[in-house]
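**Q** What follows is a structure written as structure tokens; I'll ask about it next.
Any read-out appearing in this document is the output of simple, stated calculations on the displayed coordinates, not a laboratory observation. Computed from a predicted model, the values in this text were never measured in an experiment. When we count neighbours, we look across all protein chains shown, and the Cβ atoms used for this are built from the backbone with ideal geometry, even at glycine.
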């Protein structure tokens, strides 16, 4: 079966292909997954003009969907004047190679992973983001190079050649163009990993400084387009890029937030998750995603109005598990609460690590005060009442305690000031030497 969809002028026209394998249970049903794929294609600047579905007993070892369905799609592409097809699942290098042979050089064959990588490449606005996307793209392409260079894979007896990256290098005796390009990409992957390791170390140093300062870090996580960036903008009043599309923001963004008591925390918006997120993309974004792992608290923001909200929650939880997320407290934030009946929300407390559930509308500033109070209550629950004797010459520490902790009392003595404070976990080790037993 296939469906025709009205087109939009001046955009590359594409057809989506979804496959349903018997006895498999994907997170989203086929129709919802294709709807999400349509949104991804739109975000990438493509015009979806048709889609087709193949229900089968098992994956065809050659063409993934079978030769009959391939012939049907060929006719559909001609009828719709489409120049590309996008598969809703990641294709193996073998399947991609065979499908490109079947459809010919005039038709681009993409899969969901390639589409997501392309969107990430468009939306990376920092050097770090660009490095991470480039690494993921090269790692995705390396095993698939055969499909790109079949027409160039001929023996050469030496001399200069132009590699796939545009660079010029020496080809050894009996070496194919394909081997040259594979070696060049492998070299680039190593170099990118080296650069990202420097980024990772820089982030690690920054986190250590932050930890010494004792400022709690709150990470926003959630399915793409759940409203994390809107929430950060509403809370901080800062200019945060927001758009109603998947992966509108990619690079992590950290802002200072004042809690009701005046206490400061840092809130970090991270890349949104999605079902079938390419594994190599998660690996490439390790430096960024470590911001989540190092956080003191997670706010899992969900779109309460979305029909697949439970599947979205499960996707985020599965991705966090893949990142080996430590047992950091989590608050489940039901966003867009103004669009649903609050009494119909499913309960998630007790499932995984949620310590609270709070309804909000980030767009309309509903429930934000309650969310900030809930964050403060949770952070306060980890405070430890402590008496500290701080020498007068360490007035800087006294200032830090008034800024970062809750000071309940102070008493001046000959040697210094004695403070009774509610000390957060991040500061307890640092002020251990000043503790009065």
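**Q** Count the DSSP beta bridges whose two residues both fall in segment 2-119, then state the antiparallel fraction as a percent rounded to the nearest 5.
**A** On the way: 4 of 22 bridges.
Roughly 20 percent of the DSSP beta bridges within segment 2-119 come out antiparallel.
**Q** Which order do peptides 382-391, 111-120 fall in by mean Cβ count within 10 Å, highest first?
**A** Working: 382-391: 15.8, 111-120: 22.7.
Order by mean packing, descending: 111-120, 382-391.
**Q** Related question: Test of understanding: express the Cα radius of gyration of segment 36-100 as a ratio to 2.2 N^0.38 Å, with N the residue count.
**A** Details: Rg = 12.3 Å, N = 65, 2.2 N^0.38 = 10.7 Å.
Taking N as the residue count of segment 36-100, the ratio is 1.14.
**Q** Can you give the log10 of the normalised intensity I(q)/I(0) at q = 0.13, 0.24 Å⁻¹, computed with Debye over equal Cα scatterers of segment 384-434?
**A** Log-scaled intensity ratios, in q order: -0.24, -0.87.
**Q** Let me test this: with uniform point scatterers at the alpha carbons of segment 2-119, what is the Debye-based log₁₀ I(q)/I(0) at q = 0.15 1/Å?
**A** -0.61
**Q** Turning to a different aspect of this structure: Rounded to the nearest Å, what's the spacing between the alpha carbon centres of segment 378-411 and segment 32-100? Just the number, please.
**A** Each part's Cα centre sits 61 Å from the other's.
**Q** Hey, can you rank 411-420, 28-37, 224-233 by average C-beta count inside 10 Å, highest first? Present the calculation step by step, with values, prior to reporting the outcome.
**A** Working: 411-420: 13.6, 28-37: 17.4, 224-233: 24.9.
By packing density, highest mean first, the sequence is 224-233, 28-37, 411-420.
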